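Q: Here's a structure for you.
The values are calculated or read from the model by the stated rules, or taken from the named source; none is laboratory data. Keep in mind the model is a prediction, meaning the values are calculated, not measured. Cβ sites come from the backbone with ideal geometry, for glycine too, and all protein chains shown count toward neighbours.
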Amino acid sequence: MADVVKVATRDAYGKALVELGEKNDKVIVLDADLAKATKTINFKNAFPDRFFDAGIAESNMMGVAAGLAAVGYTVFASSFAMFAAGRAFEQIRNSIGYTHLNVKIGATHAGISVGEDGASHQCCEDIALMRTIPGMTIINPADDVEARLAVLAAAELDGPVYLRFGRLAVPRVFDESYRFEIGKGNVLREGSDVAIIATGLMVAEALAAAETLAAQGINARVINMATIKPIDKELVIAAAQETGVLVTVEEHSIIGGLGSAVTETVCEACPVPVIRVGVEDKFGASGPAVEMLKIYGLCAENIVEKTKAALALKK
Amino acid sequence: MDAAAKKQLRIKANQVRKGIIEGVYNAKSGHPGGSLSIAEVMTYLYFCEMNVDPKNPKAENRDRLVLSKGHVAPALYAALALKGFFSQDEIKLLRKPGAMLQGHPSMKLTPGVDMSTGSLGQGISTACGMALGGKLAGAPYRVYTILGDGEIQEGQVWEAAMFAAAKGLDNLVAIVDWNNLQIDGSLDEVNSPCPIDEKFAAFGWNVISIDGHDFDQIDAAFTAAKDCKGKPTCIIAKTIKGKGVSFMEDNCDWHGKAPNQAEYETAMAELDAELAQLETM
């Protein structure tokens, strides 16, 4: 494991924006005084004429993004997840969602892995908020390879997209051959005893958990679910039918995120037990990111434990 | 502005007012007070100022209007119908299931509506985005946005005001409909944003204060706005809420209430009488 490459998805976001900017002169990037942290600074440096800083005014930034999209631009609007999805929720809902405009919200510093900044900045509610907006696509990439592909795909999609990126450098899961498609999950490891459906930085943890489970004679299927809306119903239902029990894993509240999307899907199509691994119904706290992930039960060993609990529920 | 042109505009404004009353009466709900107060400005925008083509409502270089105070959609709809964007018959279907005319403007459903609005404070931000896009493309179009005086209590308005000045959006004009009344009472009784002119000036805008029912002053203000380079213009239009219908004038009870049949007939009779008088001028 020593040679595993670790890159933050926000870094991939910044680079992918430059790549997009080179191909498409209709791409505009907005930020709210966090360009150095969200990595939109890369785009600002490459295309200063197509980068605009809205200052610390996220609500207005979302409206400006909508206006630019209404006159023909593809706009990436960036801030931390807390201030994008949280503070500007209603602007996203009314000016971007209701209008179904071409605004891509690049939300970085999502989840508990923000670390030391603490609860005020650790947004574990953003997926839940964005899922309620009709027509909103939500993508939470697992690593830098997928993050880059997600940015490029989002630019091609007609309508609003919420892209969720992290601050922490995370292990690379995919290689160059990976093909990303919005709305499609992918099976990273075959298994028939249980299916672990993971998203974002938890995908690497889910793979590690599956390794441990295999050593104990449990064959866990691992599914990467980058697109949380629209959820890949076909893949979820197939996993439920073929394994009979599901575990969802996300660095987000267990309320309203991937766990909810999967549960809603199987409850209506083929009910099976679902155990949700995520941030329990509580706020975060300050501490180093890796430690916070441990404290909040977001590590491979937690997934192992919860998967065994899930298997006990299997009929 | 010559007398003949002014007479035609006053007739159009009268027709816009009748469209407002017709729509709100048939919908049995809506916002007549603030719609009537902005009738002259709306008329001027669609029949004098804005470069728009009802046959090509999505024309790339058209001027744009964002009705930030989206609840006065009846005024916008009346002007759009009069201009020919859709049939006058649609007015009677306002707020009905399946109708193109929603309670608040929808760019997806209504030809001529440039942005969906309704949640106060958001329209001016989207107008800033359109103006910025125009600057970036070197496009000739101008962007107009109409705000309520109560609406400017929203913090987002001042985020947008700061942005527009900082980015030098001189292709943007914001009109504040200063009728002094909001749902819960007068501006003073609720939470006064006054002095409005000094606030916009302090935010870096070119500010012009006018009587919002006087076409000469409206004309002069929009002309001056075009001549102002380097900063956005705010036209503060002093108006009377409910203007043109005697019992609705300066009465906040008519902010969001539809007339009953008797009130509708009285309102229409008053507007008919005004029209007859205008036509003899």
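Q: If we keep just the residues of segment B:147-169 that are over 23 Å from residue B:38 (Cβ atoms) and more than 9 Å from chain A (Cβ to nearest Cβ), which is surrounded by the most Cβ atoms within 10 Å (Cβ to Cβ)?
A: Here the residue is B:165.
Q: Among the residues of segment A:93-123, write down those that are away from chain B (no Cβ under 14 Å), buried (at least 24 other Cβ atoms within 10 Å of the Cβ) and assigned to a loop (DSSP other than H, G, I, E, B).
A: Those that are away from chain B (no Cβ under 14 Å), buried (at least 24 other Cβ atoms within 10 Å of the Cβ) and assigned to a loop (DSSP other than H, G, I, E, B): A:109, A:111, A:122.
Q: A further question on this structure: How many residues does segment B:172-182 hold that are in a loop (DSSP other than H, G, I, E, B) and either crowded, with 23+ Cβ neighbours inside 10 Å or modelled with pLDDT under 95 (or both)?
A: Going through segment B:172-182 one residue at a time, the tally reaches 1.
Q: Which residues, taken from segment B:104-146, are under 16 Å from residue B:68 (Cα atoms) and more than 13 Å from every other protein chain (Cβ to nearest Cβ)?
A: Answer for segment B:104-146, where residues must be under 16 Å from residue B:68 (Cα atoms) and more than 13 Å from every other protein chain (Cβ to nearest Cβ): B:112, B:146.
Q: In the set A:262, A:272, which member is in contact with a strand residue (DSSP E or B) (Cβ under 7 Å, 6 or more places away or on another chain), at pLDDT 95 or above, under 26 Å from residue A:192 (Cβ atoms) and not in a loop (DSSP other than H, G, I, E, B)?
A: Of the residues listed, the single one that is in contact with a strand residue (DSSP E or B) (Cβ under 7 Å, 6 or more places away or on another chain), at pLDDT 95 or above, under 26 Å from residue A:192 (Cβ atoms) and not in a loop (DSSP other than H, G, I, E, B) is A:262.
Q: Further question on the same structure: Check every one of the strands (runs of 3 or more DSSP E) wholly within segment A:174-245 and list those with 1 or more residues that are touching a residue at least 60 places away in the same chain (Cβ under 8 Å) and closer than 22 Å to residue A:128 by Cα.
A: Qualifying strands (runs of 3 or more DSSP E): A:194-198, A:220-224, A:227-229.
Q: Collect the residues in segment A:25-64 that are more than 14 Å from chain B (Cβ to nearest Cβ) and in a loop (DSSP other than H, G, I, E, B), keeping them in residue-number order.
A: Result: A:34, A:39, A:40.
Q: Then there is this: Could you pull out every one of the helices (runs of 4 or more DSSP H) wholly within segment B:1-48 that has 3 or more residues that are within 17 Å of residue B:86 (Cβ to Cβ) and either modelled with pLDDT of 95 or more or not polar (S, T, N, Q) (or both)? Walk me through how you get there before you give the answer.
A: Values: elements: B:3-27, B:32-37, B:39-44.
Once the helices (runs of 4 or more DSSP H) in segment B:1-48 are filtered for at least 3 residues that are within 17 Å of residue B:86 (Cβ to Cβ) and either modelled with pLDDT of 95 or more or not polar (S, T, N, Q) (or both), what remains is B:3-27.
Q: Let me ask another. Restricting to segment A:74-92, and then to whatever is surrounded by fewer than 24 Cβ atoms within 10 Å (Cβ to Cβ) and either more than 10 Å from chain B (Cβ to nearest Cβ) or touching a Leu at 6+ places or on another chain (Cβ under 9 Å) (or both), can you tell me which residue is nearest to residue A:24 (Cα to Cα)?
A: So the residue we want is A:74.
Q: Does segment B:84-96 contain any residue that is within 14 Å of another protein chain (Cβ to nearest Cβ), surrounded by 19 or more Cβ atoms within 10 Å (Cβ to Cβ) and part of a loop (DSSP other than H, G, I, E, B)?
A: The answer is no, given that none of the residues of segment B:84-96 is within 14 Å of another protein chain (Cβ to nearest Cβ), surrounded by 19 or more Cβ atoms within 10 Å (Cβ to Cβ) and part of a loop (DSSP other than H, G, I, E, B).
Okay, residues lined up against (1) surrounded by 19 or more Cβ atoms within 10 Å (Cβ to Cβ); (2) modelled with pLDDT under 95; (3) part of a loop (DSSP other than H, G, I, E, B):
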site	(1), (2), (3)
B:188	no, no, no
B:197	no, no, no
B:200	yes, no, no
B:210	yes, no, no
B:213	yes, no, yes
B:216	no, no, no
B:223	no, no, no
B:226	no, no, no
B:242	yes, no, yes
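Q: Checking residue B:65 against (1) under 23 Å from residue B:214 (Cβ atoms); (2) outside any helix (DSSP H, G or I); (3) out of contact with any Phe, Trp or Tyr (no Cβ under 6 Å at 6 or more places or on another chain), which test does it fail?
A: With respect to (1) under 23 Å from residue B:214 (Cβ atoms); (2) outside any helix (DSSP H, G or I); (3) out of contact with any Phe, Trp or Tyr (no Cβ under 6 Å at 6 or more places or on another chain), residue B:65 is out only on (3).
Q: Return the only residue of B:182, B:217 being free of Cβ contacts under 8 Å to residues at least 12 places away in the same chain and more than 14 Å from chain A (Cβ to nearest Cβ). Spell out how you get there, then give the answer.
A: Values: B:182 fails: free of Cβ contacts under 8 Å to residues at least 12 places away in the same chain.
Among B:182, B:217, only B:217 is free of Cβ contacts under 8 Å to residues at least 12 places away in the same chain and more than 14 Å from chain A (Cβ to nearest Cβ).
Q: Let me ask another. If you go through segment B:269-280 one residue at a time, do you hit one that is in a helix (DSSP H, G or I) and at pLDDT below 95?
A: Yes - at least one qualifying residue is present in segment B:269-280.
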